[in-house]
Amino acid sequence: MQFNFFPSRQISWYMARLFLTRTFAVLMLLVVVLQTLDLLGNSGDVLSYPGNGDPELWHYVGLRAPQIVARFLPFSVLLGTLVMLATLNQNSEIISMKAAGLSAHQILAPLIATALGVSVISFVFNERIVARSTAALSAWQAVDYGPIPRDSGVKSNPWVRDGNNLVNAAIVAGRGNEVQLRKVQIYNRINNSLTTIVQAPKGRYDAASKSWLLEGARQFDVARGTVRNVGTVRFGRDIRPDQFTLAKVDPDALTFHELEAAISDLHDAGRPTAELEGSLWHKLSGPLSALLMPILGSVAAFGLARSGQLFMRAVLGMALGFAYFVADNFSLAMGSLGAYPPVLAAWAPFFLFLLVGETVLFRTEE
């Protein structure tokens, strides 16, 4: 095998141009069809709010289209690769390249390099556009496509860990050092066994001592079954005010660095973060899936078109590509359940199918 993967600049540019045009043509077709079907399914909900009309429908399309593009870009790379390679094979262009001395990897190298560029574009697109549109659409859907109110800063029913103890507040208002708690309960535990429960109608953060104060507190002794007034109680020297104001985290509505910061805050608050950590790593492995598609779809490029097996090769390439997406979703689901570590859940399908694609390519063509 030759180790110069780009021996001909003309062939490399020709292959890259065909790859990009086929990929984005398929993507445009998919987006138009899927956006039309999605709009037909949700236009009734958008228009059901009094006063909504055509501008709101176009606003919905503007927010939903980036999500569809991000979701189906890897599918478009796979289908564009299959269409391109099958056409080149049928027109005997692949045979001409191999007759000129190019190996299978040299034929695919321009596609892989271009797919890497598509992966970078996909990541930037997700960070700059998709995350914002997802957050805006989720907020709009939460109010049934009506006017979005300004954030009041009020959170309800957060749980925070204080060492081995658990703290719950029915209502949290304010931000920073001005956070106020209402209907607070502290569950004091020793060796995971509940010993006492402290209840107070209100609490606040004391910035001077960097701790929390409860006023008018009462303590219930679990073993004795007695209640007594304890007045002012100080607790939570390791609890930051923002740990009470953490809202539910939607990984699709946050950028990579925003999600990383949210995971850190949730981890400090003692909340489970395995599912979010898997989503964090998938923000990298997801766009990189475009890199796999030329390798998985390469079976459509080789073999004689006159042998009648071109269709079966294209089907095999499509099957390998879709098997990757199924394995990727399954792995993320297992990671959410805690069966897989987050890093393994996000990256295992990528490396597994990279090995599968390379194995098929080596055994059949190299």
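Using the Stokes-Einstein relation with a Kirkwood hydrodynamic radius computed over Cα pairs, the translational diffusion coefficient of the chain at 25 °C and a viscosity of 0.890 mPa s comes to 100 µm²/s. Say R0 is 41 Å: what FRET efficiency, to the nearest 0.05, do V343 and T195 get from their beta-carbon distance? The pair V343/T195 has a calculated efficiency of 0.65. Neighbours of S138, meaning other residues whose beta-carbon lies under 9 angstrom from its beta-carbon, give a summed charge of -2 when Lys and Arg score +1 and Asp and Glu score -1. Just to confirm the number: angle between the C-alpha axis of helix 310-336 and the first principal axis of the chain, 0 to 90 degrees, nearest 10? Tilt relative to the chain: about 10 degrees.
Each Cα pair under 8 Å and six or more residues apart adds its sequence gap; the mean of these over the residue count of the chain is a relative contact order of 17 percent.
Relative to the 2.2 N^0.38 Å rule of thumb, the stretch 175-298 has a C-alpha radius of gyration ratio of 1.54. Here each label is just a point 7 Å from Cα along the line to Cβ, and for M334 and L29 those points are 3.4 nm apart.
Taken about its Cα centre, the stretch 86-238 carries a charge dipole of roughly 760 debye when the Cβ of each Lys and Arg holds +1 and the Cβ of each Asp and Glu holds -1.
Think of each Lys and Arg Cβ as +1 and each Asp and Glu Cβ as -1; about the Cα centre, that makes the dipole of the chain roughly 620 debye. Annotated for the chain: lysine pairs at least 8 residues apart or interchain, Cα distance under 28 Å, count 12.
Ratio of alpha-carbon Rg to the 2.2 N^0.38 Å globular estimate for the stretch 155-243, to two decimals, please. Computed over Cα atoms of the stretch 155-243, the ratio equals 1.04. What the phi angles of the stretch 10-19 give under the Karplus curve with 6.51, -1.76 and 1.60, with θ = phi - 60°, is a coupling list of 5, 5, 4, 5, 4, 5, 5, 5, 4, 4 Hz, glycine and proline written as x. Across the alpha-carbon set of the stretch 75-131, the Rg to Rh ratio works out to 1.13, Rh being the Kirkwood radius. Computed over the chain, the per-residue total of -39500 (n - 2.57) for DSSP H runs of n ≥ 4 gives a 222 nm mean residue ellipticity of -19500 deg cm²/dmol, rounded to 500.
Values quoted throughout were computed directly from the atomic coordinates according to the rules given, and no laboratory measurement underlies them. As the structure is a computational prediction, the values presented were derived from the model and not from experiment. Neighbour counts are summed over all protein chains in view; Cβ atoms, including those assigned to glycine, are modelled from backbone coordinates with ideal geometry.
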